[in-house]
Amino acid sequence: MDTPTDAQPASLATGPDRLITVPFVMVTLCTLCYFTGLGTLLTTLPKYVKNDLGGNGFSVGLSIGIFSIAAAILRPWAGQLGDRKGRRILVVGGCLIVAASVAAYDLADNLPLLIGLRVISGIGEAAVFVGAATAVQDLAPAHRRGEAASYFSVALYAGLALGPPLGEYVADVHGYQTTWLVAGGLSLAAAVLGLRIPVGSTSDHRPDTILYRAALKPGVVLLLGLMPFTAFAAFLALYGDKIGIDEVGPIFAVYAGGVLLIRIFGARLPDQLGWRVASAVALIATALAGLMLSLWTQTIGVYIAALVLSVGQSLLFPALFSAVVNDAPDHERSHAVGTFSVFFDLAAGVGAPLLGLVVSLSSERGAFATSAVLAALGFVALRTLKASDDRRIASI
């Protein structure tokens, strides 16, 4: 039975159509701060593993991916905890775990120790994302959940736009130790902001399964569609060195800026187009971006591919996320979000080491081409899912 808390969703108190409220803004600010901290690692951690720890392509992929593997394993339990205890405990506790573990990266003078710390960071990430993403949906009217997911992800990608050049600058001027402290400090600041996040409604309901079944098929589509971004995030810094791009932070900024523009000015597109159409457009764009990265080695080609990738990624997550949340009852919303977001983590947790193996056997260009093929398979999976849904609806 659901029980009231000290902070019910603001959308219930301020009218059925209102989305932008003070609690909604606090969630997005917390998300911005947290992902800015994580973004500083995108341009610094791969180089640290390769240059300071002597790692190869697989080592880079593993150090990036183990974070997401740990998060993926913990997300279903984080979702269930969020349904029972509320969203705030997930966000604040998760940010504190990430802050402490990232600040400790300076102690990692070998790959196994770094991987251990990355596992701890992933545990915190599992809680933060589920808590913040569910809180955003708590605060959104049902018919504006795709829009809410877009605005939420604006904060996420703004962080990923600000973080990489910041991380590159700090590492170049002050070294890696200061970079890890800056990243940890930003996560600590996010924890403070998280204290203002509404608890949301809680429930004693205990789900029968660890994973929320209805989120599995959309999750597989998300997993495949994220693979070009996984290759882009994990290997662009190393690829840039080979093709004469010394600083890749601006490329990450262009990518994230494209996502921000689309999600701000086209925030309602996932709701207006419908999640299937929006997802199809997204998968085509991400596959094309991966193909462009593998074939067009000039600097201008990399920038254009980053923009094309931003189109796909700006639509994919909000479209599929809104479909999953709209299908879930209130007392299982965090459970659904936790299950769906597992696939977000698997894209990096499984995808980064897999693509890293491709890099070791061939090159970064081979990894980008492989990611394009996987995104194309995501389009096939989406069409299969659509056909299955249409048959189910027709039989009712």
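Brief remarks follow.
- The residues in the range 50-94 that are crowded, with 24+ Cβ neighbours inside 10 Å, assigned to a helix (DSSP H, G or I) and of a type in the set (D, E, K, R) can be counted, and the count is 2.
- Counted residues, the range 107-123 - those being part of a loop (DSSP other than H, G, I, E, B) and of a type in the set (A, V, I, L, M): 1
- Conditions (1) closer than 28 Å to residue 74 by Cβ; (2) within 15 Å of the chain's Cα centre (by Cα); number of the one not met by residue 279: (2)
- Among the residues of the range 230-252, not a single one is within 15 Å of the chain's Cα centre (by Cα) and farther than 25 Å from residue 51 by Cβ.
- Test: residue in the range 124-131 that is among the aliphatic types (A, V, I, L, M), closer than 18 Å to residue 30 by Cβ, touching a residue at least 40 places away in the same chain (Cβ under 8 Å) and not in a helix (DSSP H, G or I): no
- Inter-residue pairs, beta-carbon under 7 Å, first under 14 Å from residue 317 (Cβ atoms) and crowded, with 18+ Cβ neighbours inside 10 Å and in the range 249-268, second at pLDDT below 80 and among the acidic types (Asp, Glu), 6+ apart: 267/147
- Positions within the range 98-138 being more than 20 Å from the chain's Cα centre (by Cα) and either of a type in the set (Gly, Ala, Ser) or buried (at least 22 other Cβ atoms within 10 Å of the Cβ) (or both), in sequence order: 100, 103, 104, 105, 108, 114, 116
- Residue 372 being among the hydrophobic types (A, V, I, L, M, F, W, C), at pLDDT 80 or above, crowded, with 24+ Cβ neighbours inside 10 Å and assigned to a helix (DSSP H, G or I): no
- Residue count for the range 18-34, restricted to those that are of a type in the set (A, V, I, L, M, F, W, C), closer than 23 Å to residue 163 by Cβ and either at pLDDT 85 or above or not in a helix (DSSP H, G or I) (or both): 6
- Which numbered condition residue 246 misses (of (1) over 19 Å from residue 358 (Cα atoms); (2) part of a helix (DSSP H, G or I); (3) charged (D, E, K, R)): (2)
- Among residues of the range 38-49 being in contact with a Gly (Cβ under 7 Å, 6 or more places away or on another chain) and in a helix (DSSP H, G or I), the one that is nearest to residue 157 (Cα to Cα) is 39.
- Counted residues, the range 334-364 - those being in a loop (DSSP other than H, G, I, E, B) and in contact with a Leu (Cβ under 9 Å, 6 or more places away or on another chain): 1
- Criterion applied to 15, 37 was being of a type outside the set (Ser, Thr, Tyr) and modelled with pLDDT of 90 or more, and the one residue passing it is 37.
- When each of 104, 108, 72, 99 is tested for being over 30 Å from residue 275 (Cα atoms) and in contact with a Gly (Cβ under 6 Å, 6 or more places away or on another chain), the lone residue that passes is 99.
- Residue in the range 297-308 that is of a type in the set (Ser, Thr, Tyr), surrounded by fewer than 23 Cβ atoms within 10 Å (Cβ to Cβ) and at pLDDT 90 or above present: yes
The values are calculated or read from the model by the stated rules, or taken from the named source; none is laboratory data. In this text, all values refer to a predicted model and were calculated from it rather than measured experimentally. Backbone-built Cβ (ideal geometry, glycine too); neighbour counts: all protein chains shown.
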